[in-house]
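The values are calculated or read from the model by the stated rules, or taken from the named source; none is laboratory data. All values reported here derive from a predicted model rather than from experimental measurement. Reconstructed Cβ throughout: ideal geometry from the backbone, glycine too, with neighbour counts over all protein chains shown. The area values use the complete protein model at the heavy-atom level, side chains included, leaving out ligands, DNA and RNA. Shrake-Rupley method; radii C 1.70, N 1.55, O 1.52, S 1.80 Å.
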Amino acid sequence: MRISDMGSVFAQMNEGVLLLDGEGNVIYEAGDVAASLSNLLSVSSGADSIIIDGKTYELKVQEVVVGNRQVTIILVNEDDRGTKLAALEQIVDSINQGIMASDSEGRIFIYNEAQEKLENMKRDDVIGKYLWEVYRIDPKTSEHRGVYRTREPIIGQYRAHAYIDGEPQYTTYSTYPLVKNDKSLGAFSICMNDTKLKKLLHETVELKRKLFQPPKAKNETDNGTSFSFEDIKGESSELNKLIQEAQNFAVYNTDVLIVGETGTGKELFAQSIHNFSPRANSPFIAVNCAAIPETLLESTLFGTTKGAYTGAVDQAGLFEYAQKGTLFLDEINSMPMSLQVKLIRVLEERKVRRVGSNIVTPVNCQIITASNEDPQVLIKKEKLRLDLYYRIAKTCLLIPPLRSRQKDLTFYFRYFISKCNEKFNKHIRGISNELEELFLQYDWPGNVRELEHVMENIVLRTDPSDQYLDLKHVPDYLKAMMENEEEKRKSIGQQEDTVKSVQKLSEDNIKNELEKTNWNITQAARNFGLSRQNLQYYIKKFNLKKEEDVVEK
């Protein structure tokens, strides 16, 4: 191809074309822009743009060999990066997926309309702020900062980042690094709200399961479980929302932390999540971290290698034994701190190393953990490592205590009576008003488990002719314990009322009451619900004195 022919081809696709020979002489030019030879010939070889007559142009410089001649090709086009940026901003705002980006310092600089709807926040309140200011997170554990540093994307995560009208908004998202010329610029996330889709999916899955799954005999197990969501009984809205949230976690097959007091049914939920998940046909392995001595817990979880210590044999740990199923670590707060460090590595790398071995084995199981104490309290008491909490609490299920679910409490009265009638061949129809009042006033620290045991205890004490449970059926020790709890509650309530009344005391109120009682401090204190000493404290605080004493001075 002749050089002139090559130049004319480039001229059809670019605003300006300039061809130079090996000595820098012009051998072809085309376009008005190319006429400014002094500008183009003086441009440095590394430049990618140039300003001509006040406009910015993009430069592309390429050296080629045509025949035996070396030719430098300079292509000139008006820089349209501003136009592209404006177009990109409109595109980002028009798509249905949420997009959020942060820069190298952790400041948010992109936050589109879809992300506003996903997280129920306004763009003006987010743009320019640090990630940890907006999301109340620790900068050290921020996923965006981690991706920025490592340049490794995080794909397909699932979490509820926001709540709208008390409803968790579950989001599937992926976070990617922003890199240009091998330099990290920041990170961005692409998010999708799955809440509505999951509701439809759960309804479909549940309907299909009920229609086509053959009924199993009670407590029949083939994967190490005994319970499913059908076994979780109750009528309260709190419990129904909790079940739906747990089903969300099961469908998306994510690790879960379950927090709840003793007897709230943490393992019941763990087994139900397993049986609702794609792992239902694989083993469910449960271990109570508080029931196994510290010296044995490590080998129980990770396995051992022959010769690791006296008597050690080649044996797989529970992580390996769970295979593609679920490993349930109950009372994770009882795990020694030294072992928590090793658990962190397993959760991070999804690999396990047996005690005494250098060989690592992939971990394919889902991990569900449970704690009967508030994790934040445990962290402050240094019983739970903060970095472990962040890894096990990717999704967190909080089971409220029975005392806060009044509707469930009355439901369980009927449910356990029916269950005990069938178990003990009784014919109890209900409970008396007096017994129900006692039960409703009791705190039930053992929650559902305690209530079930109490109901069995009482039903067993009834006569064949009894149709209603009454106070007479309650053992004396149990009645005394419940009544003592009620007295404590009343005492605490009275103290709170006293504190509230004290807070309302003012100098004028005290002065008026003292004048009404002719400065009878004992009577005035009684009227206020205070002790004599407390009232004297306020008299001194406000420097109150009887009028005749002031006159005498």
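Residue-by-condition table, conditions (1) under 26 Å from MET455 (Cα atoms); (2) among the aliphatic types (A, V, I, L, M):
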site: VAL360; (1), (2): no, yes
site: TYR390; (1), (2): no, no
site: LEU397; (1), (2): no, yes
site: PRO400; (1), (2): yes, no
site: ASP408; (1), (2): yes, no
site: ILE417; (1), (2): yes, yes
site: GLU422; (1), (2): yes, no
*Between a first residue in the range 6-18 that is open to solvent by 30 Å² or more (accessible area, probe 1.4 Å) and a second residue that is acidic (Asp, Glu) and assigned to a strand (DSSP E or B), which pairs have beta carbons less than 8 Å apart while being 6 or more apart in sequence or on different chains?*
GLU15/GLU78
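Please tell me if THR462 is closer than 30 Å to LYS419 by Cβ, open to solvent by less than 40 Å² (accessible area, probe 1.4 Å), modelled with pLDDT of 75 or more and of a type outside the set (Asp, Glu). Give the steps one after another, and end with the answer.
Values: closer than 30 Å to LYS419 by Cβ: yes; open to solvent by less than 40 Å² (accessible area, probe 1.4 Å): yes; modelled with pLDDT of 75 or more: yes; of a type outside the set (Asp, Glu): yes.
In short, yes.
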*Select from the range 136-156 the residues that are more than 11 Å from THR175 (Cβ to Cβ), open to solvent by less than 70 Å² (accessible area, probe 1.4 Å), of a type outside the set (Asp, Glu) and part of a loop (DSSP other than H, G, I, E, B) and list them in ascending order.*
ILE137
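Would you be able to say whether some residue in the range 449-457 is at pLDDT 90 or above, closer than 25 Å to GLU267 by Cα and in contact with a Ser or Thr (Cβ under 8 Å, 6 or more places away or on another chain)?
Looking through the range 449-457, at least one residue is at pLDDT 90 or above, closer than 25 Å to GLU267 by Cα and in contact with a Ser or Thr (Cβ under 8 Å, 6 or more places away or on another chain).
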*Please go through the range 438-459 and pick out each residue that is closer than 20 Å to THR262 by Cβ, under 37 Å from the mean Cα position of the chain (by Cα) and surrounded by fewer than 19 Cβ atoms within 10 Å (Cβ to Cβ).*
ASP443, PRO445, GLY446, ARG449, GLU450, GLU452, HIS453
*Within the range 341-357, can you find the residues that are in contact (Cβ under 8 Å) with a residue 40 or more places away in the chain and in a loop (DSSP other than H, G, I, E, B)?*
ARG354, GLY356, SER357
*Inspect all residues belonging to the range 113-123 and state whether any of them is without any contact (Cβ under 8 Å) to a residue 24 or more places away in the chain, open to solvent by 80 Å² or more (accessible area, probe 1.4 Å) and within 17 Å of PHE188 (Cα to Cα).*
yes
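Select from the range 465-488 the residues that are among the basic types (Lys, Arg) and within 15 Å of GLU436 (Cα to Cα) and write down the one among them that is modelled with the lowest pLDDT. Can you show your working first?
Taking the range 465-488 as the starting set, the residues that turn out to be among the basic types (Lys, Arg) are 472, 479, 488.
Narrowing further to those that are within 15 Å of GLU436 (Cα to Cα): 472, 479.
On the way: LYS472: 91, LYS479: 84.
The residue in question is LYS479.
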*Give the number of residues within the range 348-374 that are at pLDDT below 90, open to solvent by less than 50 Å² (accessible area, probe 1.4 Å) and out of contact with any strand residue (DSSP E or B) (no Cβ under 6 Å at 6 or more places or on another chain).*
1
_Near pairs, Cβ below 8 angstrom, 6+ apart or cross-chain, from the range 286-311 (in contact (Cβ under 8 Å) with a residue 40 or more places away in the chain and under 21 Å from LEU384 (Cβ atoms)) to any residue that is assigned to a loop (DSSP other than H, G, I, E, B) and of a type in the set (A, V, I, L, M)_ = CYS289/MET335; LEU297/MET335
*Select from the range 311-329 the residues that are of a type outside the set (D, E, K, R) and part of a loop (DSSP other than H, G, I, E, B) and write down the one among them that is nearest to GLN366 (Cα to Cα).*
GLY325
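Answer yes or no as to whether ASN281 is surrounded by fewer than 18 Cβ atoms within 10 Å (Cβ to Cβ), in contact (Cβ under 8 Å) with a residue 12 or more places away in the chain and closer than 25 Å to LEU384 by Cα. Outline the logic, then answer.
Values: surrounded by fewer than 18 Cβ atoms within 10 Å (Cβ to Cβ): yes; in contact (Cβ under 8 Å) with a residue 12 or more places away in the chain: yes; closer than 25 Å to LEU384 by Cα: no.
The answer is no for ASN281.
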*For residues in the range 287-306 being assigned to a helix (DSSP H, G or I) and out of contact with any Gly (no Cβ under 8 Å at 6 or more places or on another chain), which is least open to solvent (accessible area, probe 1.4 Å)?*
LEU297
_Number of the condition not met by GLU515 [criteria: (1) modelled with pLDDT of 75 or more; (2) within 28 Å of GLN441 (Cβ to Cβ)]_ = (2)
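Step by step: first the residues of the range 242-269, then only those that are assigned to a helix (DSSP H, G or I) and more than 23 Å from GLY156 (Cβ to Cβ), then the one that is most open to solvent (accessible area, probe 1.4 Å). Which residue is that?
Restricting attention to the range 242-269, the residues satisfying the condition of being assigned to a helix (DSSP H, G or I) are 242-251, 266-269.
Next cut, more than 23 Å from GLY156 (Cβ to Cβ) only: 242-243, 266-269.
On the way: LEU242: 9, ILE243: 27, LYS266: 22, GLU267: 71, LEU268: 43, PHE269: 4 Å².
Here the answer is GLU267.
Evaluate the following for LEU435: is it surrounded by 17 or more Cβ atoms within 10 Å (Cβ to Cβ) and modelled with pLDDT of 90 or more? Spell out how you get there, then give the answer.
Details: surrounded by 17 or more Cβ atoms within 10 Å (Cβ to Cβ): yes; modelled with pLDDT of 90 or more: yes.
Answer is yes for this residue.
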*Does the range 430-469 hold any residues that are touching a residue at least 24 places away in the same chain (Cβ under 8 Å) and touching a strand residue (DSSP E or B) at 6+ places or on another chain (Cβ under 6 Å), and which are they?*
GLY430, ILE431, SER432, LEU435, TYR468, LEU469
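With GLU105, GLU133 as the choices, which residue is of a type in the set (D, E, K, R) and surrounded by 12 or more Cβ atoms within 10 Å (Cβ to Cβ)?
GLU133
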_Considering only residues that are open to solvent by less than 30 Å² (accessible area, probe 1.4 Å), of a type outside the set (A, V, I, L, M) and in a helix (DSSP H, G or I), which ones fall in the range 330-340?_
ASN333, GLN340
